[in-house]
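The structure appears right after this line, and notes come after that.
Derivation of every value follows stated rules applied to the coordinates shown; laboratory data play no part. Predicted model only: the values in this text are computed from it and were never measured. All Cβ positions, even for glycine, are placed from backbone atoms using ideal geometry, and neighbour counts span all protein chains on display.
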Amino acid sequence: MKAVACYDLGEFARFSPIGKEFLEDRSTKQYLAELMGNPGSSAELKKEAITAYQKMLMHSWGQSSTQ
């Protein structure tokens with residue numbers, strides 16, 4: 001279930017105009033980093049956490065750099 005949630009968070013960051021800002025205000029990157037570093041996390045969970053983290057870091061081509 002956590003892997004599905006990570007996927008959804010990544011898509012929210014990717015497609016919602018306020019997604020990245022909303023998630024950053026709630027320290028989501030820190031939570032994802034904890035999941036990635038947890039030795040008890042499954043490989044699938046780590047993969048989805050890494051992908052979600054990357055989506056939060058990406059700069060959309062449609063956004064201006066002055067925002």
Q: Return one number: the angle in degrees, 0 to 90 and rounded to the nearest 10, between the long axis of the Cα atoms of helix 28-37 and the longest principal axis of the Cα atoms of the chain.
A: 30
Q: Report the extension gain between Gln30 and Ser42 in nm, rounded to one decimal, defined as 0.36 nm multiplied by the number of residues separating them, less their alpha carbon distance.
A: 2.5 nm
Q.
I want to check the label-to-label distance for Phe15 and Leu57. Put each point 7 Å from Cα in the C-beta direction and report it in nm to one decimal.
A. 2.4
Q: Return the tail of the calculated pair distribution for the chain, meaning the percent of Cα-Cα pairs more than 13 Å apart.
A: 60
Q.
Just want the answer: with Cβ charges of +1 for Lys and Arg and -1 for Asp and Glu, which residue in Ala13, Gln30, Gly40 is farthest toward the dipole's positive end in the chain?
A. Gly40
Q.
What do you get for the angle between helix 43-57 and the principal long axis of the chain? Use alpha-carbon atoms, 0 to 90 degrees, nearest ten.
A. 20
Q: Let me know the charge dipole size of the chain about its Cα centre in debye, to the nearest 20, where only the beta-carbon of Lys, Arg (+1) and Asp, Glu (-1) is charged.
A: 120
